[in-house]
Every structure is written in structure tokens, then in C-alpha cells.
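Just below is one structure, and these are the notes that go with it.
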Amino acid sequence: MIAALSFYLFATVTLLAGLMVILSRNPVHSVLFLILAFFSAAALFVLLGAEFLAMVLIIVYVGAVAVLFLFVVMMLDIDYVQLREGFAQYMPIGGIIGLMLLAELIMVATARMVDPPIGLGSGPAIPDADAVTNTEALGRLLYTDYIYAFQTAGLVLLVAMIGAIVLTHRKRPGVKRQVIADQISRTAKDAIEVVKVKSGEGI
Amino acid sequence: MEQSYPNLIPALPELWLALGALVLLMLGVFRTNHVRRTVNNAAALMLAVAFFLVFAVGPTHQVTFSGLFVSDGFTLFMKALVLLGSGAVLVMSKPYLVDKDIFRFEYPVLVVTATLGMLMMVSANDMLSLYLGLELQSLSLYVLAAFNRDRQRSTEAGLKYFVLGALSSGMLLYGISLIYGFSGTTNFTILAGLYSGGATPSVGVLVGLVFVLAGLAFKISAAPFHMWTPDVYEGAPTPVTAFFAAAPKIAAMALVVRLLMGTFQGLVADWQQLVVFLSIASMVVGAFLALVQTNIKRLMAYSSIGHVGFALVGLAAGTTEGVTSLLVYMAIYLSMTLGAFACILSMRHKEGMCEDISDLAGLAKNQPRMAAALAIFMFSLAGIPLLAGFFGKLLVFLAAISAGLYTLALIGVLASVVGAFYYLRIVKIMYFDEPADAFEAPESRSIGLVMGVTAALNSPLSFFLISPLVAWAGAAAGALVL
Amino acid sequence: MYKAIVFLPLMGFLIAGLFGRAIGTRASQVVTTGSVLLSALLSIVAFFDVALGGNTYSIAVMQWVQSGDLVFDWALKIDTLTVVMLVVVTLVSGLVHVYSIGYMSHDPHNPRFFAYLSLFTFSMLMLVTADNFLQMFFGWEGVGLTSYLLIGFWYKRPAANAAAIKAFIVNRIGDFGFALGLFATFMVFGTVHLDTIFAAVPDVAGSSFLFLGYSFDVMNTICLLLFVGAMGKSAQFGLHTWLPDAMEGPTPVSALIHAATMVTAGVFLVARCSPMFEYAPVALAAVAIVGGVTAIFAATVGLVQNDIKRVIAYSTCSQLGYMFFALGVSAYGAAIFHLFTHAFFKALLFLGAGAVIHAMSDEQDMRKMGGLRKMIPGTYIMMVIGTIALTGFPGTAGFFSKDMVIETAYASTATGSEFAFVMGIFAALMTSFYSWRLMFMTFHGHTRADEAVFRKAHDAPASMMIPLAVLATGALLAGVFFSDLFIGEGRDGFWNGSLFILGDDIIDAAHHVPFVVKLLPFIAMLTGFLLAYQFYIRRPAMPGALAKRFSGLYAFLLNKWYFDELYDFLFVRPAFRIGRFLWKRGDGRIIDGFGPDGISALVLSVARRARALQSGYVYHYAFAMLVGVVLLVTYLLAMSGGA
């Protein structure tokens, strides 16, 4: 009873927050609503008994991704009035296409009721929740069954990193950098000169 | 834990490239920039080794990594083409990059990772591996398109490709989720089993398939998902454009074929008309819009759109014969495109590289050999008999006719007639117009080599090569269509 | 031996083409000319063996592609029809090679020229020896390609460029028909092998197939498509525009391509496919009518042209019309015979014209000639022989073949034959007129040429005169010697089944037409000659006065019935316009172009406003993708919803 109630509560919040992400005028508000959506989704995971996923969602998405978003949105100076300028002109044709797509997808969604997925259960077996912990089950999936996908995802991220560096990193002249080797190989002899100063004469 | 280790043998080429890419990256990072030539050569060598590994793995049907990865005669054929395409582009790239002062060690590394992604696409046996391979390839390509980061056109091309590519990935993912939601699996083998028996699929699976198809159509730049192609081809550095036109098309085409013929062959009646639509739209767009182009890279973009349309004619047939013709077409397309780009990469004035069609004027006088080669490529692209391009077109049209798609074949023949006009225009400019400024003699022997070999392949000599090619493609198609 | 006939020219091409610069001009000439002449010699031997000995061969060259239903083997089909073509092609080609040594002696690109000539010969041989449609298509396209190269050989002349491109494009339109015919044949018969198809034709005849909801008769459709291909190559009415322009090429090329070989490919195709055309009455009628129209059309245009080569070009066009209407009334033997004799006298005329042009320092305008008879008597005699053969003077080659063509048209009861007969008689009159007009304007009267040029005029060197003499012999005697074999009593044994006629042999009937009919062509010829004599010798002022009097008609003829202008307006400009339109407006337009029909009005107005405010392209591209997806999904749902 309580579980069902909480489900509906969190599900409603998730949907509303998602809606507000695209509807709110202020982009900062959008990001904040996004965070709210993440939180309620995490709660849904907890309800499903997937506590590991719930925590990861909060730590990674809320803690890292969304905050990063927030920074980016706040630092960029986007003129939203200008962005929306063409909206009225595009609205009719865009709306028609959008509505058509929506109608079609609703047709598809209703088909779900009468046509249960026939291939379900053909993937790796779901382990008994009492026997193995959440974390271990996920680990097994990732590092045995889907090791290929896991490694590939790693490569994708690596390429993203290379790309970011290639496209943005520049060697700027005149910037002082720490050269550790130089620091270590420095001896007192290079750095310090002992000068006898006679008093009253200056250097 | 009686988990056994996955069988790594079928994925040897991929593993080799993955490790190799990392080694190259380290080499580039920890040594000074002088190693960029070494890295480039090493990368080319690595692709060559991968080429042999592909053959070492052989055409036997093997599935590994919990059903995510497949290797068979079809993947053998496609991987060989992809590696040839990538390797050829890599050895041709240097002069252009040096000229534009963007010859950096990341370039070969990114080419290798993109190639790796393509091999993964070709070998995908699950929606998951399909998507990951596709992203690995695409991400590398986005960066490559913007590689000349100080030039506005190049960054614009990269950004455009990235934004639209993200949209197409979104469609693809949405389609995958629909398919998973309505069938309960993402594995190709299981999906094929579900629908081969003539079972009526849920409408959700079909709509999902359409979305996936749309995402992939973007990658092969079939109309109406082609709009990015001309802009990106024009803006990207020329070697990258050559790369775009060659290898990724083949990999994405392999995915389309694997998905439609290997996995959803049971639903051929449902997807056939969609492919016909894509095919006709691409042929028409390619033929007509190319007529008015003045930039040769843009022209090649429309040309590639048109050729994808022709290749899809074979797929629309929905038969083993059709797939054979498509494979033959792609192989021939690869050689034509590489050759044409070898010529474009040799278009170099004193002031630097140039890419206007009018710069080719009088080429026959200044550089008769290059003009002859380019003429062969243009005639071949136009599908004039005696040259390789003709056989490809002939086979796809015959396949379509055998399958009863008369209208499609008719439109195809018509489009090829219109297309002949603009290819011919280039030949006319080269041979008959008043000479423009002479190009500088090509300094790179490897470009000349690629040009020579592909010209020979496309020349009437292809008459003797077509027979083994058809036989091989037939074997590959047989491995796919069960 | 047969392989040698076909491949010797290829060898010549390869040597001259690849090593032309290394081995020099002289060696290239010797190699190519030698190989083609040798091939010609072997062809004559083959002629005796096959045509007179009654043997036929099918020689496999290599096994080729096998994929599913597709089986292509490369083989040579040698029967009487083939060897007749072999003799014509190799002989004329050999003579043209020899002639070119003299004619092209001042050109720096000799090796290239000879290489092209040999390549052309090889393609033509491929075409005539084809054992299946695909192989024939190769030869067909190879011929088109090499003619493009040869017409545009003098690439510094803009006119030559334009002509080359025009020839190629117009030919492509014809090829389009051929390709469709080829596909349709494959679709119906499941093979491209000629003999297999011919054997299966009677079973297929009369059946029909559905296309776009209409029912078409199979054989008629296929044959009409093939005929479109033949029209393109043989410059028949509607697709003839390239032929006169192609005269921009060097004169030996005109003689080889546009008199004796390439343009006859269409005639050959129809004759070769006679077992198919016999079952396609509609297609045959079309052949006859198009042939008749071309004969008269080209002749009328030829009346007023002033360029010496163009006159001959239109004459060729007109003579091809004769061949086609002979084909159209099932008189295949007569058509091929006319092809055979025409090759001699038309090549003679072209090469003779070349000699005139050579003598006149590259002047081609007849209005600047005249009185050349005394300066170049050798050439004059040759030209006279060519002209009387062309006009059909009794005893010459043209007399036998052309009169037979006209008589068959009279004797036939097939659709279009009466029309063809009348056209043929009138065309004969005009042929005689313009031929003699050419002779009189060039060789007789007072000269209108430059004093210096005229004085320098001299007969061509031996390498040019010897081919002329050989051709002249042929033009005079080919009729006497061969008429019995081709169209006379011996024809059944001669053709030996390589031509197929359903029903009665029309040539039989043609031998028994009333004497008046036999006399008519001669009268027409005589009238034409007398008219020309009256106009250009006795009253030289008359043509000018007539032209002024009927200035509209004159301009109409001089401008070749305004065909070029019409095509430019109808096809060339719109194609460019479509391309430009799609390009400039495509980005915005595609959006509404793909819009669903029911709301197209709204979409249009919105798209117009959207285009006015085009801000970012990515926006539009993404939208186009989305529209594409919606379209595909809608289609799919509509389809599966119905199912």
C-alpha cells in the first residue's frame, strides 16, 4: 500500500519535473528541475530494490553531471529571446509534424497492451535478489556478460577525451609551467649565491 | 563461479586495433611531435596487419561475448573493404595535412579508432554492440571533421555533423528501445528466430525498425537524411572527406544489410517499400542536385548520395542475389571513390590545395596521367560500360528486376542517365577547356599508387576481376541470409 | 582465326595507346594499321568460309559471371550476318587507317589518334560478334565512348567539344532505350543469350505484361525499346541531331564512324534481332515509318547545306532511313545489302571530301570552292564514282541495293510500307539533287576560292588516294558481284538462317513488281540530276532567287527543321533549371515538398514564411530528418493497418 502510494507520488513528480525542464523559461530553473527528476527517479529505483543504481544516480548524475550543467548554463550568455524568435513561424508546420508523430506513437503504445514481448527472458538470467547483492549482480553483468560492451564504452569515452583535447587544447606561449625535473635537479649552487656585503657600501 | 572466458579469437582484428590505438596514443603523447610520421606509418601498418587478421579469423560462423559479437563470411567481406578504405585514406592523407599545417599524431589515432568502431559495427550481433560500435565510429568522425580547428568551415562541419549525428543517434536509440520493449530482446539471432517463421510482428517492432533504419540512413546519407552530407564533405579537410565517403558508408551499409536481411528478413514485406523510398529519393537527389555544383567535394557528396541510392536498389530486392549485388556495388564504389579522392588530393596549386571544378580545366595537357585516371573514375562513377561502375549498376538493376521491382529499376536507369551528365562535364572540363594554372607535381608516391591501382581496378580490366568478386560477394551474402 | 579478327585491333590499340610516345608516330601507325589490315584480310577469308561455305560457329572466349540466374559467357557468334559486318568494318577501318597516315600527317597527336581508331574498331567488332545482349551492349557503349573521343579529338575547337558531348548525350538517350530493352528481355526470357532468346520467342509472342496498371504486349515493347537504342546510334529522326555536328571530328573519323560502321550498328541490331522483330508488328511498323521520315527529312535538309561534310552527313542520315524502312518491311537482306554497298560509296565520298578539304587548306564551305575539277582531277573522278553510286546510276552498287529497297517497300503489304515507298522515291530525287549540287558547287563553274588557296590545291598523296581507289572499285562493282548472293537467287544459301522472316519472303515479291516501279527510282535520279544541272550550271542565279522567294522554307531547312533549338528548349534548359531550383530552394522547399497532401496549402504558406526567415541550416536539416521519419512511420502504419 505504502509502496504503491510512493510509486505514484515519485512517478508523478518525475514526470512533472521532466515537463518543467522543457517548459521553464529560465534555464537555471530547468537544470534544477532536472535534478529533481533525478532524485525522484532514484527513489523509484529504491522502490524496485535497486539501491546501488539509486545511489549511483544521485552521486554521478546529481553530484557531477547536473552540477556541471548548472555551471555551463550559468557561464554561457545565451539570448533566449532571440532563440525563440522563429518559434511562432515554425510552430504550425512543426506542430503538425509533431502531432502526427505523437499520434503514431500513441498508436504504437496502445499496441503494447495486446501484444506482450515474446522474446522476454532470452537475455542473461536475473539472479535471485536474496542470494546476491545488487552490486555483485551488476558487477557480474558488466564484467562477464557485457564485458565487450563495457570495454567499448570505455573506448568511446577515451575518444571523446582525445577529441576534446585535440579540438581545444592549445600551447600558449608565455605561460609559466612547473617543470618537476628542473626543480629536482636544481642544486643549491645554481640557485644561491653567497655574497659578502660590506656594511655601509651596498651591492 | 563457473564462468568461462569468452572466446577472443573471432575478435582478433578488433582487439589488435584497440590495443594498437592505445599504443599509438601513448607513443604520440610521450614522445615529441616528431613522431607523428612514425605514428602515421605505424597506424597504416596496423591496419594492414588487421586486414590479414580478418582473413586469419576466416569465414566460419562464430558468435562470442555472450552473443554480442559475430564473425562470418559477411563480416569478412565487409571488414576487408573497410580496412582497405581506411588504410588507403591514411596513406594518402599526409601531404594535405602538412599543407594545412594540421598534421598531428592524433589524426592517425582517430582514424584507427574510427576504423575499430566500423569493424565493431560490422560484427555487431546485438543492438547494444551495434550502438556502441556506431558511437565509437561517429565520435571519432566528429572530431576528424573538425580537425582543422582554426578554419571556420571545418569546425562548422564538425559541429553540424555532431548535432545532427546526435539527433540520428537519438532516433536509433529510440528505435532500439521500441524493439526491445515489444520483442523483449536486443539480440539479432533471437530476433531473427522470432520473426523468421512468418509470425506477425507487433506494430511497435516495426515502428522501432523504422527509427533504427532512419538512424542508419543518416550514416549512409540516404535521402531524406542526407542534408548534412554536402556541407560536411565540403567543410571537412579533404582526406577526412575521402575517409567519410569510403569506409563509414560501407560499415553502416553492412549494419543496414545485417539488420534487414540477416535479422528482420522475415519482415521483408514490411520494410521493402521503405527501402524503395529511400533508394528512389537518394538517386533523384544525387542525380539532380549534383548538376549545379561547382565544388568538387560537394559534387562527390551528392554523387555518394546517389550511389547509396543505387546500392539500396539491390537491398530492396530482398533476395540473396540482391545482397550479392549490393556487396559488389559497395566494393566497386569503394575503389571509384578512393580513386576520385586520390585525384582530388592531388589538386594543388602553388598557393595551396584547391577544390573548384574549374581548377581542373585543361588538366589533360598539364598532367595527362592524372587526367586519364580521373576520367576513368568519372566514367566508372557514371556507369559507362566496360568500366567497373557499370557492372555494379547492372547487377543491382537485374536483382531488382528479378524481384519484380520494375518501377524502381526504371527510375534507377533514368537517374543514372541524368547522373552521367555531370560526371561527363568533369571529363569535358579536363580535356577540352582552356588550361587553367597547372597543378604542382604530386610529391606523394602513395597517392599516385592508390590512384594507379584504383584506376586499373576500374578500367576495362575489371572485366576479369568481376567474376571472382561476384563469387566472393555471393558467398558473403549466403553467409548472412540463412 | 575469329578471335584474331576481333583482338588484333585491341592489340594495336594497347601498343599504340600505352607505348605510343615511346615507340613514336611511325611505329604506332604501322602497328595499328597493320593489325587492322591483317584483321581485314582474315575477315575476307572468314567471309568465304562462312558466307559462301555455309559454316557457322560459336566460339567461346571465356566463362564469365555466374550469380543466381545471371550467367554471362563471353563468346563470338559467327554467322553470315556477322561476317558481312566483319568485312565491312575491318575493310573500311583498314582503309581509313591507311588514309589517316596521309591526312593526319600534320597532327602532333598521331599515336593517340591511331590508338582511338583501333579501339573503336575493336568495340565495333565486339558489337557485331556478340553472342548475347550484354556483350552487344558493351560493344555498343564502347563504340559510343570511342566516337566521343574521336569526335572531340581536336579538343581545342569549342565546336568539336560541343559536338562530342552532344553525340555522347544523344547516344545515351538511345542507350537508355537499349538498356531498358535488355532488362525487359532478361525479365521475360531469363537470359541474355541470343540463340536461346530467339528460340523462345514464338512461345512468348502475344503475351503481355502489366506495368503501372497498363497492359503491354511483350514483344512489341521489347522491340520498340531496342529500336530506340538503334535510333540513337543510327541517327534516326528525333535522335539524329548529333550526326551532322559530329562532322567537327577529323574527316577519316567521319568516314569510319559516320558512314560505314557506328551508324549502321542500329541497322545491324534490328537485323540481328529479326526473330524478335518478326513477332512485333507494331515495332516493325514503327521502324518502317521512322525510316521513311528520316529518309525524307534528312534529304530535305541536305538540299540547302553549304558545308561539304554536312551535306554528306545528312545524306548518310537519309540513306540510313532507307535501310530502316527496308527492315521495317521485313526485307532484312535488302537492308544489309544497302548497308554493305553504302559503306563503300559513302566512305568514298567522305574520304574524297577529306581530300578536297585537304587540298583547300581546311576549307569546308562549298560556297568558297568551285572549279576544282582541273586542280584535283584524281579526287574529282573518285567523287564522281561515289556520287553516281549514291544516286543509284544503273550498274553501280547503289543501283542494286537502293532500288531493291524501294521495290520491297512497294511490294510489301506491311503497315507503313506505302508511306515508305513514296518517301523513298522523293528522297531518291532529292538525293540525286543534293549530290550533284555538291559536285557542281565544288568542282565545276568558276572558282569562288581564294586565289592563293586555289593555286596551291593539289591531289592528295598516295596513302590517301589508294584507299579511295579501293573504295571506288567497291562502289562500282559490289552491286554486280554480290547482288545475287544478298538479294538474288542465292540468298537463302547465303544468309543460311542468320536472318529470320516470318511468312513470305518479301524480296521474292519485290522481284516481280511492275516495270514502272523499277523505273521510278531511275527517273527520280535523272530528274534530280537535271534539276541540279539547271540550278548550278546553267542558271547559277536561280538558287539564290528561290531561297529569297521561299525564305521561310529556306530558313526552316537551313536550320535543320529547328531541331537543335527545340531540344535545347525542351530538355537541356529544363534539366539545368531543375537542378538549380532544387539547389537554391531545396533546403526550404524539401520541407514542404515532403509535406502530406491534405494540408499542403497550409504547409506551403508556412514554409514560405519559414524560408524567408531561414536562420540556421542545422535546424532545417534536422527538421527534414524528422519529416522523413514521420513519413516512413506513417507509410508503415498505413500499410500494416490495412493488413
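The values are calculated or read from the model by the stated rules, or taken from the named source; none is laboratory data. Since the model is a prediction, treat every value here as computed from it, not as a measurement. Virtual Cβ from ideal backbone geometry, glycine too; neighbours counted across all protein chains shown.
Residue-level analysis places C:Val267 outside the set of residues that are more than 24 Å from C:Val98 (Cα to Cα), in contact with a strand residue (DSSP E or B) (Cβ under 8 Å, 6 or more places away or on another chain) and of a type in the set (A, V, I, L, M, F, W, C).
Just one residue in the set B:Phe52, B:Phe30 is surrounded by fewer than 18 Cβ atoms within 10 Å (Cβ to Cβ) and either farther than 23 Å from B:Leu338 by Cα or at pLDDT 95 or above (or both); that residue is B:Phe30. Can we say C:Phe227 is surrounded by fewer than 22 Cβ atoms within 10 Å (Cβ to Cβ), more than 22 Å from B:Leu405 (Cβ to Cβ) and touching a residue at least 60 places away in the same chain (Cβ under 8 Å)? Considered against the rule, which asks whether it is surrounded by fewer than 22 Cβ atoms within 10 Å (Cβ to Cβ), more than 22 Å from B:Leu405 (Cβ to Cβ) and touching a residue at least 60 places away in the same chain (Cβ under 8 Å), C:Phe227 comes out as no.
When C:Gly24 is tested against (1) modelled with pLDDT under 85; (2) outside any strand (DSSP E or B); (3) surrounded by 14 or more Cβ atoms within 10 Å (Cβ to Cβ); (4) not acidic (Asp, Glu), only condition (3) is not met. I'd like to verify a number: residues in the stretch B:239-292 that are under 28 Å from B:Phe188 (Cα atoms) and touching a Gly at 6+ places or on another chain (Cβ under 6 Å), how many? Total meeting the criteria: 6. C:Glu489 satisfies every condition listed in (1) in contact with a Lys or Arg (Cβ under 8 Å, 6 or more places away or on another chain); (2) without any contact (Cβ under 8 Å) to a residue 40 or more places away in the chain; (3) not polar (S, T, N, Q) except (1). Exactly one residue out of B:Phe65, B:Phe69, B:Phe105 is crowded, with 19+ Cβ neighbours inside 10 Å and on the phi > 0 side of the Ramachandran plot, and it is B:Phe65. So, of the residues in the stretch C:135-173 that are farther than 17 Å from B:Phe379 by Cβ and buried (at least 24 other Cβ atoms within 10 Å of the Cβ), which turns out to be modelled with the lowest pLDDT? Looking at the filtered set, the residue picked out is C:Val170.
Once the stretch A:123-148 is narrowed to residues that are surrounded by fewer than 14 Cβ atoms within 10 Å (Cβ to Cβ) and among the polar types (S, T, N, Q), the residue that is farthest from B:Ala11 (Cα to Cα) is A:Thr133.
Condition check ((1) hydrophobic (A, V, I, L, M, F, W, C); (2) under 23 Å from A:Gly154 (Cβ atoms); (3) under 18 Å from the mean Cα position of the chain (by Cα); (4) more than 9 Å from every other protein chain (Cβ to nearest Cβ)) across all residues:
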| position | (1), (2), (3), (4) |
| --- | --- |
| B:Gly133 | no, yes, yes, no |
| B:Ser138 | no, yes, yes, yes |
| B:Arg149 | no, no, no, no |
| B:Ala157 | yes, no, no, yes |
| B:Gly170 | no, yes, no, yes |
| B:Gly175 | no, no, no, yes |
| B:Leu191 | yes, no, no, no |
| B:Tyr195 | no, no, no, yes |
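Output the qualifying pairs, or none if there are none: Cβ atoms under 6 angstrom, residues six or more apart or on different chains, first residue in the stretch C:182-202 and at the interface with chain B (Cβ under 9 Å from one of its Cβ atoms), second residue crowded, with 22+ Cβ neighbours inside 10 Å and not in a helix (DSSP H, G or I). Sorted first by the residue in the stretch C:182-202, then by its partner, the pairs are C:Phe186/C:Val192.
Among the residues of the stretch C:424-455, those identified as under 18 Å from C:Leu520 (Cα atoms) and among the small types (Gly, Ala, Ser) are C:Gly424, C:Ala427, C:Ala428, C:Ser432. Assigned to a helix (DSSP H, G or I), over 20 Å from the mean Cα position of the chain (by Cα), of a type outside the set (D, E, K, R) and within 15 Å of C:Ala478 (Cβ to Cβ): does that describe C:Ala389? So C:Ala389 fits the description; yes. Before we move on, is B:Ala479 away from chain C (no Cβ under 11 Å), surrounded by fewer than 23 Cβ atoms within 10 Å (Cβ to Cβ), hydrophobic (A, V, I, L, M, F, W, C) and farther than 25 Å from B:Arg258 by Cα? For B:Ala479, the condition - away from chain C (no Cβ under 11 Å), surrounded by fewer than 23 Cβ atoms within 10 Å (Cβ to Cβ), hydrophobic (A, V, I, L, M, F, W, C) and farther than 25 Å from B:Arg258 by Cα - is not met.
Can you pull out every residue in the stretch C:485-512 that is buried (at least 18 other Cβ atoms within 10 Å of the Cβ) and closer than 21 Å to C:Ser417 by Cβ? Of everything in the stretch C:485-512, those that are buried (at least 18 other Cβ atoms within 10 Å of the Cβ) and closer than 21 Å to C:Ser417 by Cβ turn out to be C:Phe486, C:Ile487, C:Arg491, C:Leu499, C:Phe500, C:Ile506, C:Ile507, C:Ala510.
Are any of the residues in the stretch A:94-101 within 14 Å of chain B (Cβ to nearest Cβ), in contact with a Phe, Trp or Tyr (Cβ under 8 Å, 6 or more places away or on another chain), at pLDDT below 75 and surrounded by 18 or more Cβ atoms within 10 Å (Cβ to Cβ)? Looking for residues that are within 14 Å of chain B (Cβ to nearest Cβ), in contact with a Phe, Trp or Tyr (Cβ under 8 Å, 6 or more places away or on another chain), at pLDDT below 75 and surrounded by 18 or more Cβ atoms within 10 Å (Cβ to Cβ), one finds none in the stretch A:94-101, hence no. When the test is whether a residue is more than 14 Å from chain C (Cβ to nearest Cβ) and at pLDDT 90 or above, B:Ala214 does not pass it.
For C:Ala288, indicate whether it is over 22 Å from C:Ser435 (Cβ atoms) and out of contact with any Cys (no Cβ under 6 Å at 6 or more places or on another chain). Judged against the criteria, C:Ala288 is a match. The stretch B:125-210 holds helices (runs of 4 or more DSSP H) entirely within its bounds, and those carrying 3 or more residues that are crowded, with 24+ Cβ neighbours inside 10 Å map to B:127-145, B:152-183. Within the stretch B:413-451, the residues that satisfy the criterion of being within 10 Å of chain C (Cβ to nearest Cβ) and closer than 30 Å to C:Leu225 by Cβ are B:Val413, B:Leu414, B:Ser416, B:Val417, B:Val418, B:Ala420, B:Phe421, B:Tyr422, B:Leu424, B:Arg425, B:Val427, B:Lys428.
Residue by residue, here is whether (1) small (Gly, Ala, Ser); (2) within 14 Å of chain B (Cβ to nearest Cβ) holds:
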| position | (1), (2) |
| --- | --- |
| C:Leu10 | no, yes |
| C:Val30 | no, no |
| C:Gly54 | yes, no |
| C:Ser58 | yes, no |
| C:Phe72 | no, yes |
| C:Asp79 | no, no |
| C:Val87 | no, no |
| C:His106 | no, no |
| C:Phe120 | no, yes |
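For the stretch C:32-46, residues that are surrounded by 17 or more Cβ atoms within 10 Å (Cβ to Cβ) and touching a residue at least 40 places away in the same chain (Cβ under 8 Å) total 10.
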